[in-house]
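Everything on this sheet refers to the single structure shown next.
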Amino acid sequence: MGLFGKSFEEKVKEAVATVGGMGLGVRNLGAKIEGKVVTLTGDVPSREVSVQVMENFDKLVKTDNTLNAMRVDAPKPAPAPAPPPPPPPPVERIHEVVAGESLSKIALKYYGNGNKYMKIFEANRDILSNPDLIKPGQKLRIPD
């Protein structure tokens with residue numbers, strides 16, 4: 001220690017220790033001194049943290065210039081997006097045949113088009129053998 005207090009090097013060393021202990025996530029904070037110019041080195045998690053380190057250091061030590069040679073950590077890759085939810089299971093509609101109905105009338109009711117009667121017939125082949133022969137009381141699956 002000189003006659004007038006701490007040397008410039010001592011002030012820089014103390015400031016580096018103080019800023020390094022501020023919990024900013026800085027690793028290996030150090031300083032290279034050339035005259036009254038200080039170059040800060042180390043590893044920081046982000047550019048914003050390097051700016052905070054510089055500002056805090058400059059409040060503690062008066063330099064002719066403070067240079068930033070800190071390395072910013074590589075950004076972490078963004079997490080993969082979640083897969084889309086599975087489509088809901090198709091809703092199975094059941095239609096109970098009443099007297100006077102035909103597959104084309106039922107198709108008109110559900111699809112707005114009587115010509116789609118074969119869609120209903122194909123979905124009910126286990127109980128129908130002919131699209132023209134349906135009976136009241138039969139429960140038919142109506143596909144989407």
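With a ≥ b ≥ c the root eigenvalues of the C-alpha gyration tensor of region 93-142, is it rounded (a/c under 1.5), prolate (a/b larger than b/c) or oblate?
Numbers: a/c = 1.39, a/b = 1.18, b/c = 1.18.
Since a/c stays below 1.5, the shape of region 93-142 is classed as rounded.
Can you say what percent of the DSSP beta bridges in region 30-105, counting only those with both residues inside, are antiparallel? Round to 5. Kindly include the intermediate steps, with their values, before the conclusion.
Values: 5 of 11 bridges.
Approximately 45 percent, going by the DSSP bridge assignments.
Scan region 53-144 for trypsin sites (Lys or Arg not before Pro) in coil per DSSP, keeping those whose Cβ has at most 11 other Cβ atoms within 10 Å, and list them by number.
Working: sites: Lys59, Lys62, Arg71, Arg93, Lys105, Lys109, Lys116, Lys119, Arg125, Lys139, Arg141; in loops: Lys62, Arg125.
Those that pass, being in a loop and sparsely packed, are Lys62, Arg125.
Would you tally the net charge around Ser7, using a Cβ to Cβ cut-off of less than 11 Å, leaving Ser7 out, and scoring K and R as +1, D and E as -1?
Numbers: positive: Lys6, Lys11, Lys13; negative: Glu9, Glu10, Glu14.
Spelling it out: positives minus negatives among the neighbours equals 0.
Loop only by DSSP, 12 or fewer other Cβ within 10 Å of the Cβ. Give me the GluC sites (Glu not before Pro) in region 75-140 that pass, ordered by residue number. It would help to have the intermediate numbers written out before the result.
Values: sites: Glu92, Glu96, Glu101, Glu122; in loops: Glu92, Glu101.
Passing both the DSSP loop test and the Cβ count: Glu92.
For region 19-27, what does the Karplus curve 6.51 cos²θ - 1.76 cosθ + 1.60, with θ = phi - 60°, yield as ³J(HN,Hα) per residue in whole Hz, taken in order and with x for Gly and Pro?
Those phi angles translate into 5, x, x, 7, x, 8, x, 7, 10 Hz.
Share of antiparallel DSSP beta bridges in region 8-72, in percent to the nearest 5? Numbers along the way, then the final one.
On the way: 6 of 12 bridges.
Roughly 50 percent of the beta bridges in region 8-72 run antiparallel, per DSSP.
Per DSSP H run of n ≥ 4, the term is -39500 (n - 2.57); total these for the chain, divide by its residue number, and report the mean residue ellipticity at 222 nm rounded to 500 deg cm²/dmol.
Working: 4 runs with 43 residues, N = 144.
The helix-only estimate for the chain comes to -9000 deg cm²/dmol at 222 nm.
What distance in nm separates the simple spin-label points at Leu60 and Ala99, each placed 7 Å from Cα in the Cβ direction?
9.7 nm
Per the Debye formula with a single identical scatterer at each Cα and no solvent contribution, what log10 I(q)/I(0) holds for the chain at q = 0.14, 0.17, 0.21 Å⁻¹?
-0.76, -0.89, -1.15
Taking every DSSP beta bridge that has both residues in the chain, what percent is antiparallel when rounded to the nearest 5? Please report the intermediate quantities before stating the final value.
Working: 11 of 17 bridges.
Close to 65 percent.
Computed from the coordinates by the stated procedures, all read-outs in this text should not be read as laboratory data. Everything quoted here is computed from the prediction, not taken from an experiment. Quick reminder, even Gly has a Cβ in these numbers, built from the backbone with ideal geometry, and neighbours come from all protein chains shown.
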